[in-house]
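The values are calculated or read from the model by the stated rules, or taken from the named source; none is laboratory data. Model, not experiment: these values are computed from the prediction. A quick note on method: Cβ atoms are made from the backbone with ideal geometry, for glycine too, and the neighbour counts reach across all protein chains shown. What goes into the accessible areas is simple: the full protein's heavy atoms, side chains included, and nothing from ligands, DNA or RNA. Shrake-Rupley method; radii C 1.70, N 1.55, O 1.52, S 1.80 Å.
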Amino acid sequence: MQRRNIIRLMASISTVIVVGSGAYWQHRMRPLTTVRVHETTIPTIFIGGDYAKAFSTNGFVHRFSETKLMTKTLVVHVGRQGQVRVQQFAPLRHNPTIQVIYADNHHANLQAKQLVKVMHILKQRYHVTRYDAVGHSSGGNIIFDYLTRTPQAHQPQIHKFVTLGSNYPGSSAAIKKLPPQLPVLNIAGHLWETGGDGTVTLKSVLAFSQVLKRDDFHPQTRVIQGGLLTATHSMLHINPQVDRDIITFLYGH
C-alpha cells in the first residue's frame, strides 16, 4: 500500500512538473509570437560574456529559431590557442545565426584578437560580407574591441550592434573608429532601483549611449526594470522583453 502511494505521489509530481514546464515555455515564448520580421541573409553573430561559454547565447538561438524568426546556422568554436572549428547546421539564409564560443572566455582582449581569424574564415569560407552582432556582458567588449582595434578594410562589415549589460570604460576616443552611423541597441538592467543590474552600474552602461550621441550616432537605449528574475546581469539574456527588443531591432518591419 505504501509503495502504491509513493508511486501515485511521484506520478502527481511528474505531472505538475510537465504541465508547469509547458505553461512556463508558452509564457516565455509569447512575446515573440506576435513579432513580424523581414528575412535577410545577413547573419547575426552572438558572443557571450565572462565564463559563460555557450550558455548565454544558446537561449537566444533556441528561442529565435523555435519561433521561426531566425535560423540556427553556424557554431564557431575557438580553442585556447586561437584554432577555429566551425559546425554548420543550415545554409546562411532566413536570418541566420552564428554563435562564437571561446574555450578561453575570461580574457576579452585576447578574444577580440582571436575574433579577427574567425571573421576572416567567415568571409573566405562562408562568404559573409555583412553581419549583425549581439554581445552580452564582456561579449559586447569583445565585439567593440574588435571593431575599434582591428583595421576593417578587408573584414566583413558590421551592419547593426546590440550590446547587453556591457560598459565601455575609456571608449570616447575609440568610438570614433566605429563605422559612421552604426545602428546600436544598448540594453541595461536596473534591479529594484539599485542603480544597476547587480554587476554593472546603470550609469556606466548608459554612458555608452551618451558618448555615441556626442559623436553623431543615434543609439536606441533600453532600460529593463525589474527584480532578480528579470533585471539582474545574469538574467538579462533570458528576459522575454530583451528577446523582443533584440529581434525587433535586427529584423523588425
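Kindly indicate the residue of the stretch 148-167 that is closer than 19 Å to K113 by Cα and in a strand (DSSP E or B) and also most open to solvent (accessible area, probe 1.4 Å) among those meeting that condition.
Of everything passing the filter in the stretch 148-167, Q157 is most open to solvent (accessible area, probe 1.4 Å).
Can you find even one residue in the stretch 22-33 that is at pLDDT 95 or above, over 20 Å from the mean Cα position of the chain (by Cα) and on the phi < 0 side of the Ramachandran plot? Write out each step before concluding.
Quick first cut of the stretch 22-33, residues at pLDDT 95 or above only: none.
No - not one qualifying residue is present in the stretch 22-33.
Across the stretch 103-115, which residue is surrounded by the most Cβ atoms within 10 Å (Cβ to Cβ) among those that are outside any helix (DSSP H, G or I) and in contact (Cβ under 8 Å) with a residue 40 or more places away in the chain?
Only one residue fits best here, namely N105.
Regarding the stretch 80-94, can at least one residue be identified that is of a type outside the set (V, I, T), open to solvent by 50 Å² or more (accessible area, probe 1.4 Å), part of a strand (DSSP E or B) and within 28 Å of V37 (Cα to Cα)?
Within the stretch 80-94, one or more residues are of a type outside the set (V, I, T), open to solvent by 50 Å² or more (accessible area, probe 1.4 Å), part of a strand (DSSP E or B) and within 28 Å of V37 (Cα to Cα).
Looking at (1) out of contact with any Gly (no Cβ under 9 Å at 6 or more places or on another chain); (2) in contact (Cβ under 8 Å) with a residue 12 or more places away in the chain; (3) closer than 14 Å to I247 by Cα, find the lone condition where H62 falls short.
(2)
Given the residues V118, V134, V100, which is the only one that is at pLDDT 95 or above, buried (at least 21 other Cβ atoms within 10 Å of the Cβ) and over 26 Å from T199 (Cα atoms)? Steps first, answer last, please.
Details: V134 fails: over 26 Å from T199 (Cα atoms); V100 fails: over 26 Å from T199 (Cα atoms).
Residue meeting the stated conditions: V118.
May I ask you to list pairs of residues, at least six apart or on different chains, whose Cβ atoms are under 9 Å apart, with the first in the stretch 229-251 being of a type in the set (K, R) and the second being open to solvent by less than 20 Å² (accessible area, probe 1.4 Å)?
Every condition considered, the pairs that remain are R244/L32; R244/V35.
Considering only residues that are part of a loop (DSSP other than H, G, I, E, B), surrounded by 17 or more Cβ atoms within 10 Å (Cβ to Cβ) and at pLDDT 95 or above, which ones fall in the stretch 199-230? Please lay out each step first, then the result.
Going residue by residue through the stretch 199-230, those that are part of a loop (DSSP other than H, G, I, E, B) are 199-200, 215-219, 227-230.
From what's left, surrounded by 17 or more Cβ atoms within 10 Å (Cβ to Cβ): 200, 217, 219, 230.
Answer for the stretch 199-230, where residues must be part of a loop (DSSP other than H, G, I, E, B), surrounded by 17 or more Cβ atoms within 10 Å (Cβ to Cβ) and at pLDDT 95 or above: V200, F217, P219.
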